[in-house]
1. Take the conditions modelled with pLDDT of 90 or more and farther than 21 Å from Asn41 by Cα and apply them to Tyr139. Does it pass?
2. Quick test for you: out of Val69, Val60, Val90, Val50, pick the one residue that is among the β-branched types (Val, Ile, Thr) and touching a Ser or Thr at 6+ places or on another chain (Cβ under 7 Å).
3. Within the set of pairs 6+ apart or on separate chains, which have a first residue in region 144-158 that is on the phi > 0 side of the Ramachandran plot and buried (at least 17 other Cβ atoms within 10 Å of the Cβ), a second that is modelled with pLDDT of 95 or more and among the hydrophobic types (A, V, I, L, M, F, W, C), and C-beta atoms under 9 Å apart?
4. Could you count how many residues in region 71-96 are buried (at least 19 other Cβ atoms within 10 Å of the Cβ) and without any contact (Cβ under 8 Å) to a residue 24 or more places away in the chain?
5. Just give me the residues in region 38-76 being in a loop (DSSP other than H, G, I, E, B) and over 17 Å from Pro134 (Cα atoms), in sequence order.
6. State yes or no: is Lys174 modelled with pLDDT of 90 or more and under 20 Å from the mean Cα position of the chain (by Cα)?
7. Please tell me if Asn41 is in contact with a helix residue (DSSP H, G or I) (Cβ under 9 Å, 6 or more places away or on another chain) and in contact (Cβ under 8 Å) with a residue 12 or more places away in the chain.
8. Filter region 121-136 for residues that are β-branched (Val, Ile, Thr) and either over 16 Å from the mean Cα position of the chain (by Cα) or at pLDDT below 90 (or both) and give the result.
Amino acid sequence: MLYWSKKNIMKSRLFLLTILTSTLLLGFKSSDSTNTITWYNWDEAYSKAVAENKIILLEVVTAVCPYCVKMDNETYKDPKIIQLINQNFVPCKLNPKIEKDNYKLGDQTVNGTQLVNALSQNSQNAELSKLVFPTTIFYFPVEKQSFVEPGYQPADVYIYMLYNCVKYKEKLAKKKK
């Protein structure tokens, strides 16, 4: 006959609780990866976008911008936006005011401000390319085309912009065939 002391019962319960908690946390962690956006630096985003034939979503921000924070806390938390970005875009954030790195853009090496200026000049909607914070630049690296959307974008507007970029990319793909 087995004798279970209170001490052994407590150890068993603690062990089971530890296993259950670990399993739940691992489950949440793995599902959480689809509920967040992984932001890349420019060079990683550019390489990944070219390799996977995706659009670069470049978010130009500053640390002191309240609307940048608002987009992070509201727009980029929307589940539909997260799903669309993870499926169709390579997201990248850049703060040209503090980041002093050099970046590759095609054959050129440029700093953050030059990168933003180059992508804005190449924009299909150049009249909107005044740099304010935040500014979202959708860059199609294969076609070397971009769309610039300055300012804060609420989720209901932003999702429309994402859909339009995906549809535009599909239209470009049909033209190539």
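The values are calculated or read from the model by the stated rules, or taken from the named source; none is laboratory data. A quick note: this is a predicted structure, and the numbers were derived from the prediction, not measured. Positions of Cβ are generated from backbone atoms using ideal geometry, with glycine treated the same way; all protein chains shown enter the neighbour counts.
1. Against the criterion (modelled with pLDDT of 90 or more and farther than 21 Å from Asn41 by Cα), Tyr139 does not qualify.
2. Matching residue, one of Val69, Val60, Val90, Val50: Val60.
3. none
4. Number of matching residues: 0.
5. If the condition is that a residue be in a loop (DSSP other than H, G, I, E, B) and over 17 Å from Pro134 (Cα atoms), then Thr38, Asn53, Lys54 are the ones that fit.
6. Here the answer is no, as Lys174 does not meet what is asked.
7. In short, no.
8. Val132
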